[in-house]
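These notes concern the structure reproduced below.
The values are calculated or read from the model by the stated rules, or taken from the named source; none is laboratory data. All values derive from a computational prediction rather than experimental measurement. Here the Cβ positions follow ideal geometry from the backbone for every residue, glycine too, while neighbour counts run over all protein chains shown. Heads up: the accessible areas ignore ligands, DNA and RNA and are worked out on the full protein's heavy atoms, side chains in. Shrake-Rupley method; radii C 1.70, N 1.55, O 1.52, S 1.80 Å.
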Amino acid sequence: MNESVYIAGADDAGMRIDAFVAKQDEGLTRSAVQRLIESGNVLCNDIIPTKNTKLKENDTIRVSIPDPEPEDALPENIPLEIPYEDDDLLVVNKPKGMVVHPSAGHSSKTLVNALLYHCGDSLSGIGGVARPGIVHRIDKDTSGLLIVAKNDFAHLNLAGQIKEHSFTRKYQAVVYGKFKDDEGVVDLPIGRHPTDRKKMAVTYRNSREALTRYRVLGRYRGFTHLELTLETGRTHQIRVHMAHLGHPVAGDPVYGPKKVITSLAGQCLHAYFISFVHPRSGETITLESDLPQYFTDFLKTLDS
């Protein structure tokens, strides 16, 4: 059982307690905090709150994270492309179409199933169940580099780097339309869509800070090839920010046009670059992934 204690400041007054706790701990999603509240593992001034309890200055919030429960997922011998691995962590080049964690409708053939086979018991438990190791996620239909922790020491350190914005993650994407400027910043908060709970949206209500930097790599007829750098890591961040600008990611079935680009079977989005400080050695690790064939094939179909 891990326990953390937080004191609400003046700037936190009026904030929902689930949003506050998630803000303090990058390793906890808001839904995970809500589950902790429901199970009595979050106290506000020694009283069990509701998930929408509004904080007052100097409130004391105590968060207890139970020891991980056994992972239900089974090991599966699924080949993985691993450009880096040591005793503390590994980096996977996830293929497009692979779900990261088992969920309803995806109980097998996920990245976690493959990791359980590859790593055995050597995965961290910070994510809420034993041995999942997942520090950050990318969408099913997004390809690219994903870091996995083999122990809790590495997981906490890497999650801290993400929270402090010292963990660099860059993507490449093809988006609809042409950008006037060669580079820019999208600094708009993201939260749950007000009417469609399966989607995220730019909103100032019950949202979290989200910042994406973009740089134009190429302009084509009706499309732009971008490099995108995440300063924060919100759910669907790039897809939501680009759609909000009127430039949804090509092939995005959720935030893009209803007309499907059949050659893509999902969004044209690839996590091609990560850079972080190794938790144990202090060495800066920088990795790049070549654009996958689906991405380069799509670029070839576009007229410059």
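For Asp290 and Asn77 in the same chain, what is the full-extension length gain: residue separation times 0.36 nm, less their Cα-Cα distance, in nm? Working shown, then result.
Working: separation 213, 0.36 × 213 = 76.68 nm, distance 2.45 nm.
Contour length minus Cα-Cα distance gives 74.2 nm.
So for segment 161-286, Kirkwood radius off the Cα pairs, Stokes-Einstein at 37 °C and 0.692 mPa s: how many µm² s⁻¹? Write out the running numbers ahead of the final one.
Working: Rh = 15.4 Å.
Rounded, D is 214 µm²/s.
Let me know the volume per residue of the alpha-carbon convex hull for segment 1-91, in Å³. If you can, show how the numbers build up before the last one.
On the way: hull volume 12.9 nm³, N = 91.
Dividing the Cα hull volume of segment 1-91 by its residues yields 142 Å³.
Let me check something: with ligands and nucleic acids excluded, how do Thr224, Thr50 order by accessible area (1.4 Å probe), largest to smallest? It would help to have the intermediate numbers written out before the result.
Numbers: Thr224 0, Thr50 80 Å².
Sorted by accessible area, descending: Thr50, Thr224.
Under 24 Å Cα-Cα from Lys170, which lysines qualify once same-chain neighbours fewer than 8 residues away are excluded?
Lys23, Lys94, Lys96, Lys140, Lys150, Lys178, Lys180, Lys199, Lys300
Between Glu227 and Thr29, what is the label-point separation in nm under the 7 Å Cα-to-beta-carbon projection?
Placing both labels 7 Å along Cα→Cβ, they lie 3.0 nm apart.
Using modelled backbone amide H atoms (1.01 Å from N, in-plane), which distant-in-sequence or interchain residues come within less than 5 Å of Met15's amide H?
Sorted by chain and number, the residues that satisfy this are Leu55.
Calculate, for segment 131-236, the solvent-accessible area per residue in square angstrom, rolling a 1.4 angstrom probe over the heavy atoms of the protein chains. All intermediate terms of the calculation are to be shown ahead of the outcome.
Values: 5050 Å² over 106 residues.
Accessible area per residue, segment 131-236: 48 Å².
Can you list, largest first and rounded to whole Å, the semi-axes you get for segment 162-227 by taking the square root of 5 times each eigenvalue of its Cα gyration tensor? Let's see the in-between values first.
Working: eigenvalues 123, 60, 21 Å².
After diagonalising the Cα gyration tensor, the semi-axes are 25, 17, 10 Å.
Would you kindly calculate the translational diffusion coefficient of the chain, applying Stokes-Einstein with the Kirkwood radius from alpha carbon pairs, for 25 °C and a viscosity of 0.890 mPa s, and quote it in µm² s⁻¹ without decimals? Write out the running numbers ahead of the final one.
Working: Rh = 20.5 Å.
Result for D is 120 µm²/s.
Just the number, please: carbon plus sulfur as a percent of the accessible area of the chain, 1.4 Å probe, no ligands or DNA/RNA counted. Write out the running numbers ahead of the final one.
Values: 7180 of 15220 Å².
In the chain, the share of accessible area belonging to carbon and sulfur is 47 percent.
Could you give the dipole magnitude of the chain about its Cα centre, charging the beta-carbon of Lys and Arg +1 and that of Asp and Glu -1, in debye to the nearest 20? Display every interim value, and only then the final one.
Numbers: 36 positive and 39 negative charges, 308 e Å.
So the dipole magnitude of the chain works out to roughly 1480 debye.
With point charges of +1 on the Cβ of Lys and Arg and -1 on the Cβ of Asp and Glu, referenced to the Cα centre of the chain, which listed residue (Thr53, Tyr214, Thr195) lies farthest in the positive direction of the dipole?
So the residue we want is Thr195.
Once label points are set 7 Å from the Cα along Cα→Cβ at both His278 and Tyr220, what is their separation, rounded to one decimal in nm?
Result: 3.8 nm between the two label points.
Out of the DSSP beta bridges found with both residues in the chain, what percent are antiparallel (nearest 5)? Walk me through the intermediate numbers first.
Details: 59 of 62 bridges.
Around 95 percent of the beta bridges assigned by DSSP in the chain are antiparallel ones.
If each residue of separation counts as 0.36 nm, what is the full-extension length gain between Arg208 and Ile7 once their alpha-carbon separation is subtracted?
Difference between extended and current length: 70.4 nm.
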